[in-house]
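The values are calculated or read from the model by the stated rules, or taken from the named source; none is laboratory data. These figures come from a predicted structure and were not determined experimentally. Neighbour counts are summed over all protein chains in view; Cβ atoms, including those assigned to glycine, are modelled from backbone coordinates with ideal geometry. Areas reflect the complete protein model, heavy atoms only, side chains present, ligands, DNA and RNA absent. Shrake-Rupley method; radii C 1.70, N 1.55, O 1.52, S 1.80 Å.
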Amino acid sequence: KKLFFSGLTAMEKKLAEYKCNTNEAIQLKLVRFPEDLEDENTTFNPEYSHQVFGDDEVAFGYKGLKILLYYIAGNLSTLFRIEYTSKVNEKFDCVEADDVESKIREIIPPGFCTNTDDFVSLLEKEVNFKPFGMLLHTYSIHNEEAGEDITYQIYKADMTCPGFREYHERLQTFLMWFIETASFIDVDDERWNYFLVFEKYNKDGATLFATVGYMTVYNYYVYPDKTRPRVSQMLILPPFQGEGHGAQLLETVHRYYMSSPTVLDITAEDPSENYVKLRDFVLVKLCQDLLCFSPVKLMQGFSQEMVTEAQQKLKINKQHTRRVYEILRLRATNMGDAEQSRSYRLDVKRRLIGPYKKKQRELAKMRRCLRPEEMTNQLNQIDLNLQREQLEETFQQLVSDYRRVLERLAQA
């Protein structure tokens, strides 16, 4: 037995060398110039690869594995290649390497290049690429590195735009690498709207466009004659993150729907923490000038007037309006003043305690139908002191999130 185990561990050690972390192995690039291909600074890696390579995000069977997925910056024509220094051999090692290629092929559309020369010749045609759809908004951001202002544009597109369907197939592959629970959407459903962000850049005296990010929104029908757009996916590509494009995109989308009389309000599907922070900032920015959010009215508490005005003018739903109110009220409150600070805390905690109260009502119902010994077990779970602690913790966390929104607002 001992011999067998020591033999196994030697084999295991050997095989362990053939495991590669797929988040490191996958190398992504958005290519504008031929020299970008050799420049390591233009490479970025996925945050996630579990949807393609399983929960441990490992590819087995290779040493020095590199999965190259290079995209031309604008139309996202793709170069896909796999490189490695060595590979396990079924004959000698009695194990098979993972079929990395077919796993990637499952998520990238056909028609990609497999060699660099073809890719570079496609790069020369990139000058013909133009954004899809209708221009909604142009803005510029000062770039420290380049020492100049760079211009960005946001377009609304749909599947009737020539070439957009194929482009979208290439674009959506990025979701797998950067959104934890990403899924591809049914593009044949006409209720989808697509909003795209592009950067304008110069190359040999011509103006070209690079893909920065996008958002998909689904238009739900609300009886009898309204729609409720729901943000489904939103992604700003990593080279452009942290520059304010998410806020520009979300605000532009809000403004687009604001002008439509049939839109009730805008929601989001399963929003991430980052999305919620972004939305807080954008909605507060939109709402701060409404009369119903004047400091005097904020101090009188949350009102139906706020709900109505935010929904009618800005297409913001009640739940989000409540957050906007709490953030703006924090700004209007002198937290150094004991009375003002206490009043603010009670106001927010009253909302936070809602779910606890609901739980207690459910417990009261259980009490009526459960035997006493079962009941004590249930009751132990909800200790009042614990509840107070949790409430205080949630409140403190909220206030620090709200302060961040207000800081960003002050800089905007």
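What to note about this one:
- Computed over protein heavy atoms with a 1.4 Å probe, the accessible surface of the chain works out to 55 Å² per residue.
- In loop segments of region 172-212 as defined by DSSP, the GluC sites (Glu not before Pro) with at most 16 further C-beta atoms inside 10 Å of their C-beta are Glu180, Glu190.
- C-alpha long axis of helix 164-178 to longest principal axis of the chain, angle in °: 80 degrees
- About the Cα centre, charge dipole magnitude for the chain (Lys/Arg +1, Asp/Glu -1 at Cβ), debye: 2300 debye
- Computed 3J(HN,Hα) for region 133-143, one whole-Hz value per residue from the Karplus formula 6.51 cos²θ - 1.76 cosθ + 1.60 where θ = phi - 60°, is x, 10, 6, 9, 7, 10, 8, 10, 10, 6, 9, glycine and proline marked x.
- Build a GNM of the chain with springs between Cα atoms under 10 Å apart, and of Tyr218, Tyr257, Tyr18 the one that fluctuates most is Tyr18.
- The fraction of all Cα pairs in the chain landing in successive 20 Å bins from 0 to the largest distance is 21, 43, 30, 6, 0, given as whole percents.
- Of the cross-linked pairs Lys156/Lys226; Lys66/Lys103; Lys29/Lys103; Lys66/Lys200, those separated by over 22 Å at the C-alpha level are Lys66/Lys200.
- A convex hull fitted to the Cα coordinates of region 131-331 yields 145 cubic angstrom per residue.
- Given the chain, longest segment not containing exposed loop trypsin sites (Lys or Arg not before Pro) (DSSP; at most 13 other Cβ within 10 Å): 192-412
- Loop-located GluC sites (Glu not before Pro) in region 98-148 (DSSP state not H, G, I, E or B) with no more than 16 neighbouring Cβ atoms inside 10 Å: Glu106, Glu144, Glu145.
- Placing +1 on each Lys and Arg Cβ and -1 on each Asp and Glu Cβ, with no other charges, gives region 15-126 a dipole about its Cα centre of roughly 160 debye.
- Note on Lys297: aspartates and glutamates with a C-alpha under 18 Å away, same-chain residues under 8 apart excluded, are Asp289, Glu305, Glu309, Glu326, Glu339, Asp347.
- Over region 60-173, the ratio between the Cα radius of gyration and 2.2 N^0.38 Å evaluates to 1.45.
- For region 322-330, 3J(HN,Hα) per residue [Karplus equation, 6.51 cos²θ - 1.76 cosθ + 1.60, θ = phi - 60°, Hz, x = Gly/Pro]: 4, 5, 4, 4, 5, 5, 5, 5, 4
- Taking a Cβ cut-off of under 11 Å around Arg165, the surrounding Lys, Arg, Asp and Glu residues balance to a net charge of -3, with basic ones at +1 and acidic ones at -1.
- Sequence-distant residues sharing a close amide H with Gln27 (under 5 Å, placed H): Ile67, Leu68, Leu69
- Loop-resident GluC sites (Glu not before Pro) (DSSP state other than H, G, I, E or B) in region 228-287 with no more than 14 further Cβ atoms inside 10 Å of their Cβ: Glu269.
- Taking amide H positions as modeled 1.01 Å from N, with prolines and chain starts lacking one, the residues under 5 Å from Lys19 and 5 or more places away or on another chain are Gly61.
- Accessible-area composition of region 131-331, carbon plus sulfur, in percent [1.4 Å probe]: 47 percent
- Residue among Met306, Phe178, Asn219 farthest towards the positive dipole end of the chain, charges placed on Cβ: Met306
- Antiparallel bridge percentage (DSSP; both residues within the chain; nearest 5): 80 percent
- Solvent-accessible ranking of Asp36, Asp189, Asp56, largest area first, probe 1.4 Å: Asp56, Asp189, Asp36
- In region 233-389, the C-alpha radius of gyration followed by the widest Cα-Cα span (Dmax) gives 20.0, 60 angstrom.
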